[in-house]
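The values are calculated or read from the model by the stated rules, or taken from the named source; none is laboratory data. Everything numeric in this text was worked out from a predicted model, so none of it was measured. As a convention, Cβ positions derive from the backbone with ideal geometry for all residues, glycine included, and neighbour counts pool all protein chains shown.
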């Protein structure tokens, strides 16, 4: 993880603190108007599992894990308030995210050109239509669904991660059982 402190600040500022600031800005306003509403935070499949095929994804994934955790807590805190919460966990969506470097503010290191391999950038460009993602989000809001997934085929990697977690609990239980 060869990232400078400025690069860490950039990725946390955009991916995590952008969500924090959005929640801090909109939840009080939704409460104030008293009509209810819905918060949708954008995480990523990287917030639930790591795809080792994507080099350098660690810092990005860290911020997206944080967005999932924040959203889960927010859902709990807002229960019964008339304000729903969803967390969008997309995989590849056809956006210009790979071209954000030239727009990076000076306080976060200024403009840069991404060193992503061409095949990764091409895969992102060929991703799911943003319009389809929007339809999925609207469906989730209307049905008060927490998780919004764009790519069901990513389920296997999430299941593998959770199986690893459950196996660690089982190993801990076996360890403690031998100590009696």
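When 127, 109, 80 are screened for being in contact with a helix residue (DSSP H, G or I) (Cβ under 8 Å, 6 or more places away or on another chain) and at pLDDT 65 or above, only 109 passes.
Please go through region 24-49 and give me each residue that is touching a strand residue (DSSP E or B) at 6+ places or on another chain (Cβ under 8 Å) and surrounded by 20 or more Cβ atoms within 10 Å (Cβ to Cβ), ordered by number.
Step one: list which residues in region 24-49 are touching a strand residue (DSSP E or B) at 6+ places or on another chain (Cβ under 8 Å), which gives 26-27, 30-31, 36-45, 47-48.
39, 41, 42, 43, 44, 45, 47, 48, listed by residue number.
Note on region 29-48: residues that are part of a helix (DSSP H, G or I) and more than 15 Å from residue 60 (Cβ to Cβ) amount to 5.
Tell me whether region 134-149 contains one or more residues that are at pLDDT below 95, under 23 Å from residue 54 (Cβ atoms) and assigned to a helix (DSSP H, G or I). No, every residue in region 134-149 fails to be at pLDDT below 95, under 23 Å from residue 54 (Cβ atoms) and assigned to a helix (DSSP H, G or I). As a summary of the residue check, residue 73 satisfies the conditions (1) farther than 14 Å from residue 16 by Cα; (2) at pLDDT below 95; (3) assigned to a helix (DSSP H, G or I) except for the one numbered (2).
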